[in-house]
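The values are calculated or read from the model by the stated rules, or taken from the named source; none is laboratory data. Because the structure is predicted, anything quoted here is derived from the model rather than measured. Counting neighbours? That spans all protein chains shown, and the Cβs are built from the backbone with ideal geometry, glycine included. Please note that ligands, DNA and RNA were not included when accessible areas were found on the heavy atoms of the full protein model with its side chains. Shrake-Rupley method; radii C 1.70, N 1.55, O 1.52, S 1.80 Å.
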Amino acid sequence: AATRDFERVVVGFPKSKEREFALLQRGLTWGARKDYGKMRADLELLIEEYPETQARAQAEFWTGYAKFEQKDYQGAIAHFN
């Protein structure tokens, strides 16, 4: 249910300031469900669209974590730096 609510904000309100938060939270929700592909997609989109986000460090860490869990060890290192 949470991912549906965040999806509604991400897709339905692309210009809203709440979209940034929704991308982060949807990504973290996917991670809690161990769906690391969707987690990475949301967090990478967050970093791409909001490069100055206050959640940048958190998004980088969890993107690296997702890559590590998917055995992309080299890809994970860049996010941990």
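Might you check whether a residue that is at pLDDT below 95, in contact with an Asp or Glu (Cβ under 8 Å, 6 or more places away or on another chain) and either at positive phi or of a type outside the set (A, V, I, L, M, F, W, C) (or both) occurs anywhere in segment 60-81? Scanning segment 60-81 turns up at least one residue that is at pLDDT below 95, in contact with an Asp or Glu (Cβ under 8 Å, 6 or more places away or on another chain) and either at positive phi or of a type outside the set (A, V, I, L, M, F, W, C) (or both).
Looking at this structure, is residue 55 touching a Gly at 6+ places or on another chain (Cβ under 8 Å) and hydrophobic (A, V, I, L, M, F, W, C)? So residue 55 fails the test. Restricting the first member to segment 43-56 and to residues that are more than 15 Å from residue 9 (Cβ to Cβ), and the second to residues that are open to solvent by less than 50 Å² (accessible area, probe 1.4 Å) and charged (D, E, K, R), the beta-carbon pairs closer than 9 Å and six or more apart or on different chains are 43/60; 47/60.
Selection of first residues in segment 59-81 that are under 14 Å from residue 46 (Cβ atoms) and of second residues that are hydroxyl-bearing (Ser, Thr, Tyr) and buried (at least 17 other Cβ atoms within 10 Å of the Cβ), restricted to Cβ pairs under 6 Å at least 6 apart or on distinct chains, gives the following pairs, ordered by first then second residue: 66/36; 79/63.
At pLDDT below 95 and out of contact with any Phe, Trp or Tyr (no Cβ under 6 Å at 6 or more places or on another chain): does that describe residue 3? I'd like the intermediate steps shown before the answer.
Working: at pLDDT below 95: yes; out of contact with any Phe, Trp or Tyr (no Cβ under 6 Å at 6 or more places or on another chain): yes.
For residue 3, the condition - at pLDDT below 95 and out of contact with any Phe, Trp or Tyr (no Cβ under 6 Å at 6 or more places or on another chain) - is met.
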